[in-house]
Amino acid sequence: MKPRENDPNHPYVRALKGCGHGRLFTEPCIDCEIVGLIEEYKRAIRTVQRTRNRLRALGVKLPGNTSAALTRREGGK
């Protein structure tokens, strides 16, 4: 499910009473929640990638990487 388009010229937005999806701030807006969760998810992925890369740079073995998994990836030694 994709959220509805956000209209920055909606009367609620111009009057600072609601969001661009046509909902007042006193009402829950599922579309705003979806947009927020998608952005939070994207930030979380970037955080995990940045943390993983920094740990690798420091030479730390990452959880879940066993020697058996490494040999399978290297061609089955």
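No value in this document is a laboratory result; all are computed from the given coordinates. Everything numeric here is computed off the predicted structure, so don't read it as measured data. Because the Cβ atoms are built from the backbone with ideal geometry, glycine has one as well, and the counts that use them run over all protein chains shown.
Mind checking which aspartates and glutamates have their Cα closer than 14 Å to the Cα of LYS17? Skip sequence neighbours fewer than 8 apart in that chain.
ASP7, GLU27
Give, in nm to one decimal, the length gained when the segment between LEU58 and ARG4 is fully stretched (0.36 nm per residue of separation minus the Cα-Cα distance).
Gain in length upon complete extension: 15.0 nm.
For a footprinting-style exposure proxy, rank ASP31, ASP7 by other Cβ within 10 Å, fewest first.
Result, fewest neighbours first: ASP7, ASP31.
Using only Cα atoms, figure out Rg for the stretch 1-59 and give it as a multiple of 2.2 N^0.38 Å.
Compactness ratio reported: 1.67.
In nm, what is the difference between 0.36 nm times the number of residues separating LYS17 and ILE38 and their Cα-Cα distance?
Contour length minus the Cα-Cα distance gives 5.2 nm.
Which cross-chain or sequence-distant (5 or more) residues have an amide H under 5 Å from the amide H of GLY18, H modelled 1.01 Å from N in plane?
VAL13, PHE25
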